Amino acid sequence: MNAPEPVVRPAESLLRQLDLLVRQVGHWTPPRWAAPGPSGGPVRADLVHRLVQHLADLAAAAAGEPARPVPRLENDLALPDQLRVVVADLVAVDPPPPVLAGAADEVATVRQAL
């Protein structure tokens, strides 16, 4: 008899992707943040900050609030903390599962692009 596969809630998937991304970049130095991504696109810090802004926009929309710019701090080492905050905000407003699933996919995409 096969056991049923565990159901993964969209919020859990997003938190898992966040954890993977933070583990990947949490130890980076400023020169590593300033380097272009492997595909030669934008610098890594810009790519992650765009993700932070997008997740913040999703949280604002889900809460019925206007989108606000997330400040780009001088120290890129703060980006993992900004990610944690905006993901926590997004999960806290409890958007529909497709929004959380899409956010998880976007975090995974950025993680792979780095």
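Since every read-out is calculated from the coordinates, none of them should be taken as a lab result. Please read all numbers here as calculations on a predicted model, not as lab measurements. Please note: Cβ atoms are built from the backbone with ideal geometry, for glycine as well, and neighbour counts cover all protein chains shown.
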Whole-Hz ³J(HN,Hα) for each residue in the range 48-60, computed from phi via Karplus 6.51 cos²θ - 1.76 cosθ + 1.60 with θ = phi - 60°, x for glycine and proline: what do you get? 6, 5, 4, 5, 4, 5, 5, 5, 5, 5, 4, 5, 5
Under unit Cβ charges (Lys, Arg +1; Asp, Glu -1), what dipole magnitude, rounded to 20 debye, does the chain have relative to its Cα centre? 300
Output wanted: per-residue J couplings in Hz (rounded whole) for the range 104-113, from phi through Karplus 6.51 cos²θ - 1.76 cosθ + 1.60, θ = phi - 60°, x for Gly and Pro. 4, 4, 5, 4, 4, 5, 5, 4, 5, 6
Can you give me the distance in nm between label points at residue 105 and residue 43, each placed 7 Å from the Cα along the Cα-to-Cβ direction? 3.1
Counted charge near residue 19, where neighbours are those whose Cβ lies closer than 13 Å (Asp, Glu -1; Lys, Arg +1): +3
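Rank the residues 44, 9, 72 as a footprinting-exposure proxy: fewest other Cβ atoms within 10 Å of their Cβ go first. Can you show the working numbers first?
Details: 44 22, 9 11, 72 14.
Going from sparsest to densest Cβ surroundings: 9, 72, 44.
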Expected output is a single nm value to one decimal: the length gained when fully extending between residue 68 and residue 32, i.e. 0.36 nm times separation in residues minus the C-alpha distance. What is it? 10.2 nm
For the chain, take the longest principal axis of its alpha carbons; what is the angle in degrees between that and the long axis of helix 10-25, to the nearest 10 within 0 to 90? 30
Is the shape of the range 49-107 best called rounded, prolate or oblate, per the rule: a/c under 1.5 gives rounded, else a/b larger than b/c gives prolate, else oblate, with a ≥ b ≥ c the square roots of the Cα gyration tensor eigenvalues? prolate
With a ≥ b ≥ c taken as the square roots of the eigenvalues of the C-alpha gyration tensor of the chain, please select rounded if a/c is under 1.5 and otherwise prolate if a/b is larger than b/c or oblate if it is not? oblate
Between 0 and 90°, nearest 10: helix 79-92 axis offset from the chain longest Cα axis: 30
I'd like to know which of 98, 38, 71 lies farthest towards the positive end of the charge dipole of the range 15-113, counting +1 on Cβ of Lys and Arg and -1 on Cβ of Asp and Glu. 38
Ranked from highest to lowest mean number of other Cβ atoms within 10 Å per residue, what is the order of the peptides 78-87, 56-65, 103-112? 78-87, 103-112, 56-65
Virtual paramagnetic centre 7 Å along Cα→Cβ of residue 16, amide N under 17 Å, in the range 71-114: 97-112
